[in-house]
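Chemist: Dumping the structure here so I can ask a few things about it.
The values are calculated or read from the model by the stated rules, or taken from the named source; none is laboratory data. Here the structure is a predicted model, which is why all the values come from computation and not from measurement. A quick note on method: Cβ atoms are made from the backbone with ideal geometry, for glycine too, and the neighbour counts reach across all protein chains shown.
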Amino acid sequence: MKDMFSITSKLLFAAFLSFFLSGCVATRLPFADNSPWEVINLDTQANPLDIDFVDDEKGFLVGTNRLILQTDDGGITWKKRELSNVSTQENFRLVSVDFLGDEGWIAGQPGLVLHSTDGGNNWTQLSLGNKLPGDPYLIKTLGEDSAELATTAGAIYRTSDAGINWEALVLDSSGSGGVRDLRRTEDGTYLGVSSLGNFFSILPSGKEYWEPHQRASSKRVQSVGYQPNGDLWMLSRGAEIRFLEDQDDFDSWSKPIIPILNGYNYLDISWDPKNSIWAAGGNGTLLVSNDGGESWEKDPVGDLIPTNFIRIVFKNSINGESQKGFVFGERGNLLRWLG
C-alpha cells in the first residue's frame, strides 16, 4: 500500500511538473491569426540600429559596420549610401539618426557626429576630439544648426552653431551610472538604464542632475521607457515586463508579466497605432498583446525570421500619411509595419 501511494504521488508530481512547464515554453503560446508586418530585404549582414525620415517618403537607416541606407518610398526599398568624406580608418557603429525637415544629424561610435543641412544629400563630419566623455549614443535635432547629443557616460550636450561648440547640460553625470539604454521624450526628458542594469535614472527637462531610482526586483534591468499614457514600463532579465502603477511613486511596479520563458530576454516593447503592445527579443521572439498585457500571441511573420529582434520603432506621420513602424533584427533583418 505504501509503495502504491509513493508511485501515485510521483505520477501526480510528474503530471503537475509537465503541465507547469508546458505553459513556459514558446511553442505553447498561440499564433496570431495574421501579421501586420512584412519582411524587408536590406541586403546586408550589419545590424540596423536607428531610423528617421526627412519627409513621408525619404528616410535613412543606420547601423553597425558603417551602415547607412536611404529610402525614397517610405521604407519599402532601401539603397546603400557611401560616406566618402568619413574616415575609412574606423569601422563606425552608427547608433542614432534624427531629422527635422532638411536638418539632420547622425551619431556614431567611436566619437562620430555627422551633420546635414540638405536632407541627407551631403554630410559633414565633426571632430569631437576629447571634448565629450563617453561615446555618442543618441542625437536629437532641435532646429537650424542646433542639436542635443547624449553619450554613454550620461552626459548631455547642446550645440547651436552646427557642432563647433557644445554646451554641457548636465553638471554631474555620475547619477546615470553610465548608460546601456537611453531614451528621450519630446519635451527633453531623458530616461536611462545604468551600464550594469542595477538601477535606472531620469533627467527631467531643464534639470542639471540625474535622479537615480531602484530597479523593481533583483533582476537586472534591460530597458525602461514611457507608455502612451505617460506611465513607465520596465524590461528585466528573466523575460519580465512591468508597468509603473503610480506616476508619483517609482517603487510602485506591477507584478512581472512573463508571456513566455524560452531562455531569451525581451529587448524592447512598444505600442502600435491601435494601442496593441509589441514585445521583441532573442531567437525570433515577437509577441503582441491586444488587451493591455493580459494575454499574448506570437506574430507569425516574426516567428519565421532567424534573428534576435532588438528594437521596435513607430514614427509619427510628417505630412499627414499613416504612421510608420519597423522592427530591427540582427544581421540585416527588418520588418515594416503594414497596419
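Chemist: Of the numbered conditions (1) under 24 Å from the mean Cα position of the chain (by Cα); (2) more than 30 Å from M234 (Cβ to Cβ); (3) modelled with pLDDT under 95; (4) not basic (K, R), S174 fails exactly one; give the number of that condition.
Modeler: Exception for S174: condition (2).
Chemist: Could you check G263 against (1) more than 14 Å from V327 (Cα to Cα); (2) small (G, A, S); (3) in a strand (DSSP E or B) and say which number it fails?
Modeler: In the conditions (1) more than 14 Å from V327 (Cα to Cα); (2) small (G, A, S); (3) in a strand (DSSP E or B), G263 misses (3) alone.
Residues are listed down the side, and each one gets a yes or a no for (1) at negative phi; (2) at pLDDT below 95; (3) surrounded by 13 or more Cβ atoms within 10 Å (Cβ to Cβ); (4) of a type outside the set (A, V, I, L, M, F, W, C):
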{"position": "L21", "(1), (2), (3), (4)": "yes, yes, no, no"}
{"position": "A26", "(1), (2), (3), (4)": "yes, yes, yes, no"}
{"position": "P36", "(1), (2), (3), (4)": "yes, no, yes, yes"}
{"position": "I40", "(1), (2), (3), (4)": "yes, no, yes, no"}
{"position": "P48", "(1), (2), (3), (4)": "yes, no, yes, yes"}
{"position": "S87", "(1), (2), (3), (4)": "yes, yes, no, yes"}
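Chemist: Still on this model: Would you be able to tell me the number of residues in the stretch 173-200 that are touching an Asp or Glu at 6+ places or on another chain (Cβ under 8 Å) and farther than 23 Å from V97 by Cα?
Modeler: Of the residues in the stretch 173-200, 1 are touching an Asp or Glu at 6+ places or on another chain (Cβ under 8 Å) and farther than 23 Å from V97 by Cα.
Chemist: Among the candidates S160, S217, which residue alone is farther than 25 Å from V113 by Cα and either in contact with a Gly (Cβ under 9 Å, 6 or more places away or on another chain) or modelled with pLDDT under 95 (or both)?
Modeler: Matching residue, one of S160, S217: S217.
Chemist: Moving on to the next point. State all residues of the stretch 278-297 that are assigned to a strand (DSSP E or B) and crowded, with 22+ Cβ neighbours inside 10 Å; if no residue qualifies, say none.
Modeler: Listed by number, the residues that qualify are W278, A279, A280, G281, L286, L287.
Chemist: Out of the residues in the stretch 177-194 that are within 18 Å of F314 (Cα to Cα) and basic (K, R), which is farthest from the chain's Cα centre (by Cα)?
Modeler: The residue in question is R184.
Chemist: Another one. Does the stretch 266-277 hold any residues that are buried (at least 20 other Cβ atoms within 10 Å of the Cβ) and touching a residue at least 24 places away in the same chain (Cβ under 8 Å), and which are they? Break it down stepwise before answering.
Modeler: At the first step, the residues of the stretch 266-277 found to be buried (at least 20 other Cβ atoms within 10 Å of the Cβ) are 266-269, 277.
Across the stretch 266-277, the qualifying residues are Y266, L267, D268, I269.
Chemist: For the stretch 32-65, how many residues are in a loop (DSSP other than H, G, I, E, B) and in contact (Cβ under 8 Å) with a residue 40 or more places away in the chain? Steps first, answer last, please.
Modeler: Let us first name the residues in the stretch 32-65 that are in a loop (DSSP other than H, G, I, E, B), namely 32-36, 42-47, 54-58, 64-65.
Among the residues that remain, those that are also in contact (Cβ under 8 Å) with a residue 40 or more places away in the chain are: 32, 34-36, 42-47, 54-56, 58.
Number of matching residues: 14.
Chemist: Exactly one of (1) touching a Ser or Thr at 6+ places or on another chain (Cβ under 9 Å); (2) aromatic (F, W, Y); (3) assigned to a strand (DSSP E or B) is unmet by F326. Its number?
Modeler: Tallying (1) touching a Ser or Thr at 6+ places or on another chain (Cβ under 9 Å); (2) aromatic (F, W, Y); (3) assigned to a strand (DSSP E or B), F326 fails exactly one: (1).
Chemist: OK, next. With respect to A147, is the statement that it is of a type in the set (A, V, I, L, M), modelled with pLDDT of 95 or more and within 20 Å of the chain's Cα centre (by Cα) true?
Modeler: no
Chemist: So G263 passes all but one of these: (1) surrounded by fewer than 15 Cβ atoms within 10 Å (Cβ to Cβ); (2) at negative phi; (3) of a type outside the set (V, I, T). Which condition number does it fail?
Modeler: It fails just one condition, (2).
Chemist: If only one of G101, G120 is in contact (Cβ under 8 Å) with a residue 60 or more places away in the chain and of a type in the set (G, A, S), which one is it? Steps first, please.
Modeler: On the way: G101 fails: in contact (Cβ under 8 Å) with a residue 60 or more places away in the chain.
One residue alone meets the criteria, G120.
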